[in-house]
Amino acid sequence: MPQQLLLKMLHCRNRFKTDNYSVTDWVSHPQIYRAAELLKQQAVVAYPTESVWGLGCDPQSASAVEKILQLKKRNVEKGLILIADSIERFEPFLADLEKEHLHRFREPTAKPTTWLVPNNGCAPLWITGGRDTLALRITTHPVAAALCKLLDGPLVSTSANPQGLPAAKSAAEVESYFGTAIDAQAPGQVGDALNPSEIRYLISGEIVRAG
């Protein structure tokens, strides 16, 4: 085999390794593209986040959210976190915020941070759980961010585990919990955050859950 062709093949193979750093463009990864297409069809997808594996779906799909709640044995009243790759994806939910609060939301944080913003009625009841706040996070994980970009909107993000069991830290643990009950599992690995995201009220800055 000519050396140039061999080098090209090795480059392509390495470009699509499934750790979070070897892939130069997750948006173009065929498995990510497939997962995003399934999300558009009201599917449930497992994907890595900053600290643990998550289960996600299109937040506008009541049936997909219901499936996640059933898989986790989670009560709808607890509400669900939404993630996105940029603040612009959250615009409908942030429309009534003052500039100082938008600035706080937009500013990078030292650790993954989920902000509790006032519920302005734009999010579905099955996301807010009837609460007066909505949980939002701008994700820095390249796989999760790529899914949001391809979905062209926010993504439900809840830890991949049945209620009461540890959150999955590996693809194998996700499979052991859910098997074929989920519609797809994205490639990649969890990030290096030691704990799930910190949860804080956006207006007051009060910490609800330390990260």
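The values are calculated or read from the model by the stated rules, or taken from the named source; none is laboratory data. Fair warning: this is a prediction, and the values are worked out from it, not measured in the lab. Cβ atoms come from the backbone with ideal geometry, glycine included; neighbour counts cover every protein chain shown.
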Within segment 63-89, restricting to residues that are out of contact with any Cys (no Cβ under 9 Å at 6 or more places or on another chain) and farther than 25 Å from G164 by Cβ, the one that is surrounded by the most Cβ atoms within 10 Å (Cβ to Cβ) is I87
A careful count of residues in segment 90-108 that are within 18 Å of the chain's Cα centre (by Cα) and surrounded by fewer than 16 Cβ atoms within 10 Å (Cβ to Cβ) gives 3
Check segment 122-133 and report whether any residue there is of a type in the set (D, E, K, R), closer than 19 Å to R209 by Cβ, at pLDDT 95 or above and touching a Gly at 6+ places or on another chain (Cβ under 6 Å). yes
Which of the residues belonging to segment 150-165 are farther than 18 Å from E175 by Cα and either crowded, with 19+ Cβ neighbours inside 10 Å or in contact with a Phe, Trp or Tyr (Cβ under 9 Å, 6 or more places away or on another chain) (or both)? L150, L151, P154, L155, V156
Residue tally, condition in contact (Cβ under 8 Å) with a residue 40 or more places away in the chain, outside any loop (DSSP other than H, G, I, E, B) and surrounded by 14 or more Cβ atoms within 10 Å (Cβ to Cβ), over segment 173-211: 9
Those residues of segment 83-120 which are over 24 Å from V143 (Cβ atoms) and in a helix (DSSP H, G or I) amount to P92, L94, K99, E100, H101, L102, H103, R104
What do you reckon, is S170 among the polar types (S, T, N, Q) and surrounded by 21 or more Cβ atoms within 10 Å (Cβ to Cβ)? no
